[in-house]
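Down below is the structure, laid out as structure tokens.
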């Protein structure tokens with residue numbers, strides 16, 4: 001089973017998905033979703049950073065794209081492994097429309 005991770009990039013934003021490979025600053029993800037926003041509302045379980053998102057998900061006000069089969073991302077600065085809870089929350093959040 002592939003590790004589910006969050007990836008922060010230079011110019012392509014923040015993505016989550018199954019880690020296929022990493023070589024230098026190039027990462028390939030499968031079932032990848034772009035994370036547009038995560039929940040920092042006062043009345044919510046707060047995810048202030050992407051490290052928090054890796055543990056608890058993006059929250060009810062979070063916005064993520066529909067998954068793409070595979071993506072190669074260049075200019076990666078961080079690869080954070082998600083907890084089972086974070087992975088479940090990110091996989092289950094409805095795509096933002």
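Rule-based calculations on the coordinates, nothing more; no lab input. This one's a predicted model, so the numbers in the text were calculated from it and none came from an experiment. Cβ atoms come from the backbone with ideal geometry, glycine included; neighbour counts cover every protein chain shown.
If you take the alpha carbon radius of gyration of segment 4-92 and divide it by 2.2 N^0.38 Å, what ratio comes out, to two decimals?
Values: Rg = 12.1 Å, N = 89, 2.2 N^0.38 = 12.1 Å.
Compactness ratio reported: 1.00.
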>> Given the -39500 (n - 2.57) contribution per DSSP H run of 4+ residues, what per-residue ellipticity at 222 nm results for the chain, rounded to the nearest 500 deg cm²/dmol?
In response: -4500 deg cm²/dmol
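In nm, what is the difference between 0.36 nm times the number of residues separating residue 66 and residue 85 and their Cα-Cα distance?
Numbers: separation 19, 0.36 × 19 = 6.84 nm, distance 1.93 nm.
Result for the pair: 4.9 nm of gain on full extension.
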>> Please arrange 85, 18 by how many other C-beta atoms lie within 10 Å of their C-beta, fewest to most.
In response: 85, 18
>> Among 37, 55, 63, which one shows the highest mean-square fluctuation when the chain is modelled as a Gaussian network with alpha-carbon springs under 10 Å?
In response: 37
>> Can you give me the distance in nm between label points at residue 37 and residue 12, each placed 7 Å from the Cα along the Cα-to-Cβ direction?
In response: 2.4 nm
> For 72, 5, what's the fewest-to-most ordering of other Cβ within 10 Å of each Cβ?
Replying inline: 72, 5
